[in-house]
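The values are calculated or read from the model by the stated rules, or taken from the named source; none is laboratory data. Because the structure is a prediction, the values reported are computed rather than measured. Using ideal geometry, Cβ is built from the backbone for each residue, glycine included, and neighbour counts are taken over all protein chains shown.
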Amino acid sequence: MPERARRAPALSARARLAVVFGLAFAFASVQSLAALPALWLIAGVSVLASGRPWQILVRLRGAAVLAAGFALVLPLIAGEVVLAHLGPIALYQEGALAGALIAGRLLAIVAMTLAILSPVAPFDLVAGMRGLGVPTLMADLALLTLRYMDEVAAQLARARLARRLRGGTTGWRALPDHALLLATSLIRAQARSEQLWAAMRLRGYGAGLAAPAATLSARDWAFVTGAGGLALAVIWMGRSL
Amino acid sequence: MHLPDGLVPVELALAGYAGSGALAAMALSRIKRLPDPSAAIPRAAMLTTVFFAASLVAVPVPPASVHLMLAGLLGVMLGWFAVPAILVGLFLQAVLFGHGGLTTLGLNGLILGLPALLAFGIWRAAGRRWPDMAALCAGSGAVVAALAIFAGFVLLGLPVALDASAERVALQLFVLAHVPLVMAEGVIVLVLLRVLRRTAPQMLAHA
């Protein structure tokens, strides 16, 4: 806990969300391979500055597999100009360029998103969404979803374990079992979710999110302005290089 | 079935945000007409959590495994609430786990939100008279609709330098790989709604 307190985010969730969206769209607009190193540099610095590079790298696994898929498959199937022959397999230039560009943008966007938002607590994230104009109903939904996550995950894990211990079938035949398992979890979680919602409202939930969002600090403004300039530079580089 | 970041042009991604925004605004205006809109929030949040958790779970379908979408189930159980629920689930998946995409959130919202509303429409039209048939069609139909919208966005978004025939072959393979999911989700929604109709009918709007 003291470790967490020392690393409490100094920047508001609202500023972080605005920066993440701005940079993500700037990264997505890049059309030139020559601009990719700049994207990776920004993403790498964000990951290092987050103070938790290993956790972020672990969470990048899924995106890395997908990026590798694009980079490896597109050169094999798409294009007309043959770049090289690997035995009977031809590697096409257009596919290789498109695969590298898609994979490069994907990894940079996911790494930067996780790095900038991972220090933010879930409630602050929802308050940040609200501050950016997301409707209250959707902010409530997001907060309760996060609140129920452990509850539903535990229900599903218990039901799955019980099914395995009873020697449940596998493959296609297991589909009705999966549905029953889901139904049982839903019915149990429904009752619990209504109790939790009532308890949250009795404890005054809603007042925090309904209150007007706090003004951005000078540090937030500096962060947003700097990132905005960086996003514009990325857009310019991505279109002109 | 998510479009990842970096795949589609930024113009298409922005158009996706505009489309999803319009869909969410329409859904929220319908929800506001309910006598007590906040009363359904706990159930919607709980189902969003299930959608979130289930899309991370693989169902074994030999020789591989598929990930559940549950857009049809959300549509049947939540109606118009399914649209904000899906958008919230996709946003949390993107920012907490790096699944899906942040720039493609709008497009992914349309890929899952429109099929959820289609499933809602099927259940509303036929759920009372032919509940089993409606459940099967809602579950399977939502996956088919999501596949069609996904394929459309991919065809629109891939670089023009790539030859169209390769794109088409890749998409056909992708669709074929999801045929088991079409059947699996139909069966899952059918069995699940049968159980809920018997044991907790209050959880279904048209049970």
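Computed values, structure above
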read-out: Index of the failed condition, A:Ala13 passing every other in (1) within 13 Å of chain B (Cβ to nearest Cβ); (2) more than 19 Å from A:Asp220 (Cα to Cα); value: (2)
read-out: Among the residues listed as A:Ala18, A:Ala63, A:Ala49, A:Ala90, the single one being at pLDDT below 90 and closer than 30 Å to A:Met129 by Cα; value: A:Ala63
read-out: Some residue of segment A:131-150 being of a type in the set (Phe, Trp, Tyr) and under 24 Å from B:Pro42 (Cβ atoms); value: yes
read-out: Only one of A:Ala24, A:Ala35 that is in contact (Cβ under 8 Å) with a residue 24 or more places away in the chain, facing chain B (nearest Cβ under 10 Å) and of a type in the set (A, V, I, L, M, F, W, C); value: A:Ala24
read-out: Evaluation of A:Ala100 against (1) of a type outside the set (Asp, Glu); (2) more than 10 Å from chain B (Cβ to nearest Cβ); (3) without any contact (Cβ under 8 Å) to a residue 60 or more places away in the chain; (4) within 17 Å of A:Val30 (Cα to Cα) (one fails), failing number; value: (3)
read-out: Checklist (1) in a helix (DSSP H, G or I); (2) touching a strand residue (DSSP E or B) at 6+ places or on another chain (Cβ under 6 Å) applied to A:Ala24, failing item; value: (2)
read-out: Verdict on B:Leu155 being in a helix (DSSP H, G or I), in contact with a Lys or Arg (Cβ under 9 Å, 6 or more places away or on another chain) and modelled with pLDDT under 90; value: yes
read-out: Odd one out for B:Leu114 among (1) closer than 29 Å to A:Leu196 by Cβ; (2) assigned to a helix (DSSP H, G or I); (3) modelled with pLDDT of 85 or more; value: (1)
read-out: Some residue of segment B:108-127 being under 19 Å from B:Ala71 (Cβ atoms), touching a residue at least 12 places away in the same chain (Cβ under 8 Å), surrounded by fewer than 23 Cβ atoms within 10 Å (Cβ to Cβ) and within 13 Å of chain A (Cβ to nearest Cβ); value: no
read-out: Single match in A:Gly69, A:Gly51, A:Gly62 (criterion: over 27 Å from A:Leu97 (Cβ atoms) and either out of contact with any Cys (no Cβ under 6 Å at 6 or more places or on another chain) or more than 9 Å from chain B (Cβ to nearest Cβ) (or both)); value: A:Gly51
read-out: Matching residues, segment B:2-39, being more than 8 Å from chain A (Cβ to nearest Cβ), in contact with a helix residue (DSSP H, G or I) (Cβ under 6 Å, 6 or more places away or on another chain) and assigned to a helix (DSSP H, G or I); value: B:Leu12, B:Gly16, B:Tyr17, B:Gly19, B:Ser20, B:Leu23, B:Ala27, B:Arg30
